[in-house]
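Rule-based calculations on the coordinates, nothing more; no lab input. This structure is a prediction, so every number in the text was calculated from the model and none was measured. A quick note on method: Cβ atoms are made from the backbone with ideal geometry, for glycine too, and the neighbour counts reach across all protein chains shown.
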């Protein structure tokens, strides 16, 4: 067996199930899950119809590179959304479809990490808290994860200026997530440009997980993206830069398993070779449905409107009861708990039949402590009335137990 499998930690939801074991919530209350970031708004009807209409594709093998029409639709969306200009993305050399960002984030790490002859593990640097795929992918590629804490003190963004040169020298891959999971913090373009210059100086690759980029609150200020920062620098080869996008959150299509990775053509060429062996070609019917989704923005704007409605209602109910603020973007609330976050989560489930995720399950301990301690992640993915009811139950729970949790 691969010995690096022993380095993997239990996934957050495994730990959550153990935490809840033995708790018996009131049968009179329906369960409301705020723990997992699984969009539950209706999938676009026209995408479902396109999927059905494309089932003849079941009789043929799809190519790993994907249909030219799909790559063109993805590239055109990225050009419109991130104002890439100057030719934008080349659909032939700078973009590849993937079966959701999770699959691609793991696979790109296996492609990029160069194992050292002396056995020294290269570093994969990521935010803390973080999406656990970053850590697992690093270990299984023979690298060592290095975490940059994101706390309220630094605006929930990594303090890249405080990273020692020795860390950058060992870094081969930097993961960033903007808008962040679970904090919702957005990295501004100026900071992204700073990272690009660091990547040039120390020769590492930036992998930008941007799967929450289309859920934001101000239509005049969409979150900046890594390729957008490149374009603003006049850097149209996107050297050392990769972005990962998905239809899961943007279009409420997590079950479609469709996204893309785009950027540096040299990396993409090698990634295509890896993927050819990896066996991850996207089914043809999924490709056609994805083309329809990437070409439409009406359903995406309607989706944002629904999230705004939920955030407004939930934050109004929780005001004065729970320490929580509206994030920059995304669909999570990163709430501060009145006491231990695991005890809070367990008792909230036991008494109000609501599941939230302890923040410490999304983070790792550091010399400065665990940046997820004393917080829970709440995903406002359910229908508005369910989110409102959850907020009301949480408020009632806190008022009943203030000072005891």
Net length gained if the chain between residue 20 and residue 115 were fully extended (0.36 nm per residue, minus Cα distance): 30.2 nm
If each residue's Cβ is checked for other Cβ atoms within 10 Å, how do 36, 398 rank with the fewest at the top? 36, 398
Assertion target for 18, 235, 270, ordered by fewest C-beta neighbours within 10 angstrom first, is 18, 270, 235
If one takes the longest principal axis of the Cα atoms in the chain, at what angle in degrees, from 0 to 90 and to the nearest 10, does the Cα axis of helix 384-401 lie? 50
Compute the long axis of helix 298-318 from its Cα atoms, compare it with the longest principal axis of the Cα atoms of the chain, and write down the angle in degrees, 0 to 90, nearest 10. 30
So what is the calculated 222 nm ellipticity per residue for the chain, using -39500 (n - 2.57) for each DSSP H run with n of 4 or more, over all residues, to the nearest 500 deg cm²/dmol? -12000 deg cm²/dmol
In nanometres, the difference between 0.36 nm per residue of separation and the alpha-carbon distance of residue 321 and residue 46 is 94.9 nm
The exposure ranking of 41, 401, fewest beta-carbon neighbours within 10 Å first, is 401, 41
Tell me, what is the FRET efficiency for residue 166 and residue 56 to the nearest 0.05, using R0 = 60 angstrom and their Cβ-Cβ distance as r? 0.60
0 to 90° range, to nearest 10: angle between helix 284-294 axis and the chain longest Cα axis: 70
